[in-house]
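Here, each number is a calculation from the coordinates, and none is a lab measurement. These numbers were taken from a predicted model, which means no experiment stands behind them. Quick reminder, even Gly has a Cβ in these numbers, built from the backbone with ideal geometry, and neighbours come from all protein chains shown.
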Amino acid sequence: MSGIAWRALSFTALSPGELYDVLQLRTEVFVIEQGCVFQDMDGSDAQALHLLGNTDSLLVAYARCFAAGVKFAEASIGRVITRQSQRGKGTGHALMRQAIACLFAQWGPQPIRIGAQARLEKFYLQHGFQVAGQPYIEDGIPHIEMLRPV
């Protein structure tokens, strides 16, 4: 996917406008589109490295990256999201490649654990993740833990 400018920023490096764009996109997809009422602002944003993918001034892709020991014993990636207008164009795959590279650049190559929406299992398998647990329900949505070995 070309045309996307990728930046990885700490929480304190996010401008108020960037933070607003992140929260707006997360709300658009996770709350409105997926019809899931949940506490998106979970107190973890300050510990995350925020990966933003913009085309021009529009945020089109986003993920949070965490060091080992924050969300799971292993490093992790979460809040993986692409704007609806970008789906089917390879943006999600570009986002995952960038997120993995970003995490490795920040904390070194290591296993990565995610709590994936079960419907996206095949997507994550394409990025080296393997099922690593039983399905579970989180915020009314089926999920599965997956692990990407080094």
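Counting beta carbons within 10 Å around each of ILE114, ILE137, ILE100, ILE4 and listing the fewest first gives the order ILE137, ILE4, ILE100, ILE114. For ALA75, the shell of other residues with beta-carbons less than 13 Å away shows a net charge of +3, using +1 for Lys and Arg and -1 for Asp and Glu.
As a proxy for reagent exposure, ranking PHE104, PHE72 by other Cβ atoms within 10 Å from fewest up yields PHE104, PHE72. Under 5 Å from the amide H of ALA68 lie the amide H atoms of ALA75, each residue being 5 or more positions distant or on a separate chain, with H modelled from the backbone and absent for Pro and chain starts. With both labels modelled 7 Å from their Cα along Cα-to-Cβ, the TYR136 to ALA13 distance reads 3.1 nm.
Considering only SER57, GLN126, CYS36, and ranking their Cα positions along the charge dipole of the chain that arises from unit charges at the beta-carbon of Lys, Arg, Asp and Glu, the one farthest toward the positive end is GLN126. Residues SER76, SER85, SER57, arranged from fewest to most other Cβ atoms within 10 angstrom of their Cβ, appear as SER57, SER85, SER76. Computed from point charges on the beta carbon alone (+1 for Lys and Arg, -1 for Asp and Glu), the dipole magnitude for region 5-109 about its Cα centre is near 300 Debye.
For the chain, relative contact order (Cα pairs under 8 Å, six or more residues apart, normalised by length) works out to 19 percent.
Taken about its Cα centre, region 54-106 carries a charge dipole of about 160 debye when Lys and Arg each add +1 at the Cβ and Asp and Glu each add -1 at the Cβ.
Full extension of the chain between GLN24 and GLN106 gives 26.9 nm of extra length, using 0.36 nm per residue less the Cα-Cα distance.
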